[in-house]
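Some notes on the structure that comes next.
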Amino acid sequence: MVNEVMFFLIGAMILIFSVLTVTTRRILRAAVYLLFVLISTAGLYFMLNYNFLAAVQLTVYAGGIVVLIIFSILLTSHLSERAVMAPLKQSLLSALATLAGATLTLMTILRFSFVPATGTDPQFTITDVGNSMVSYNRDGYALPFEVISILLLAAMIGAIVVAKKEKKIKE
Amino acid sequence: MIQNIPLSYFLVISTLMFFIGIYGFLTRRNLITMLMSIELILNSVNINFVAFNRYLYPQQLEGHFFMLIVIAVAAAEAAVAIAIIINIYRNFKSIDVENVDEMKF
């Protein structure tokens, strides 16, 4: 009973704040609503008993990306500014297309009967996740780990180079 | 797995979130809010990975690592996108997609 109430509360928060994120005209508020969506998602992971993933969601997504987005909003627009939306005809067509897509996907999902795994649930600790991340044996993820580290380095250097102020050429 | 809550509830939530993100991507005209819609889409996909991992293959860690990789890619993407947006703002004094059309064919 408690589980159901918590689940529907979190689900309702996720959906309501997602809609507010894409419809509000104030950009800074949209960022704050996005933060609420991400925190509610972390709550969903806590309910699934995946504490490590919830912690990663809170620190990287809610703590890192949202702060980055808020910084760039403050750098690029005035707080009194209202966002411009697409013209009415385009909004209606987009709503129609997304509604059609959502209906199709939901019908497919609800018709398929998933068979949940039975038996006892093994409890993973953070140690298991960490060992598996750097292991190069079967079920090890050392290669994706290294690829991600190179990707992050490249993204960091690329972001610095792109955002750097260009030197004025002397005439 | 959570008692009394079937897997399809998670899938319904993530599907709706995914299409809300797509709607935002189609109707927004500001580059940063479009980036936020993309974050919504990526987040909904993460919910799917984690729920499948928990309900169908609780002995394995595949969903964990897919989700961690998606988060790392999302962080890198956000950093590069914001660098590009700031550069566009410097050149055009605006980040509305309507005004940034210099390279449009």
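Results, tabulated for the structure shown:
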quantity	calculated
Of the criteria (1) within 28 Å of residue A:47 (Cα to Cα); (2) under 11 Å from the mean Cα position of the chain (by Cα); (3) in contact (Cβ under 8 Å) with a residue 24 or more places away in the chain, which one residue B:54 fails	(2)
Residue check, residue A:53 free of Cβ contacts under 8 Å to residues at least 12 places away in the same chain and of a type in the set (A, V, I, L, M)	yes
Top-ranked residue in the stretch B:56-72 [being part of a helix (DSSP H, G or I) and within 7 Å of chain A (Cβ to nearest Cβ); ranked as surrounded by the fewest Cβ atoms within 10 Å (Cβ to Cβ)]	B:69
Matching option when the condition is free of Cβ contacts under 8 Å to residues at least 40 places away in the same chain and in a loop (DSSP other than H, G, I, E, B), among A:72, A:80	A:80
Hits in the stretch A:35-86 (condition: within 30 Å of residue A:122 (Cα to Cα) and among the hydroxyl-bearing types (Ser, Thr, Tyr))	A:40, A:41, A:45, A:50, A:59, A:61
Condition check for residue B:80: surrounded by fewer than 20 Cβ atoms within 10 Å (Cβ to Cβ), under 25 Å from residue A:155 (Cα atoms) and either of a type in the set (A, V, I, L, M) or at pLDDT 90 or above (or both)	yes
Residue that is surrounded by the most Cβ atoms within 10 Å (Cβ to Cβ) [pool: residues in the stretch B:26-55 that are over 24 Å from residue A:121 (Cβ atoms) and more than 8 Å from chain A (Cβ to nearest Cβ)]	B:44
Enumeration of residues in the stretch A:116-171 that are small (Gly, Ala, Ser), at the interface with chain B (Cβ under 7 Å from one of its Cβ atoms) and either over 24 Å from residue A:50 (Cα atoms) or not in a helix (DSSP H, G or I) (or both)	A:117, A:155, A:158, A:159, A:163
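The values are calculated or read from the model by the stated rules, or taken from the named source; none is laboratory data. Keep in mind that what you see is a predicted model, and the values were worked out from it rather than measured. Using ideal geometry, Cβ is built from the backbone for each residue, glycine included, and neighbour counts are taken over all protein chains shown.
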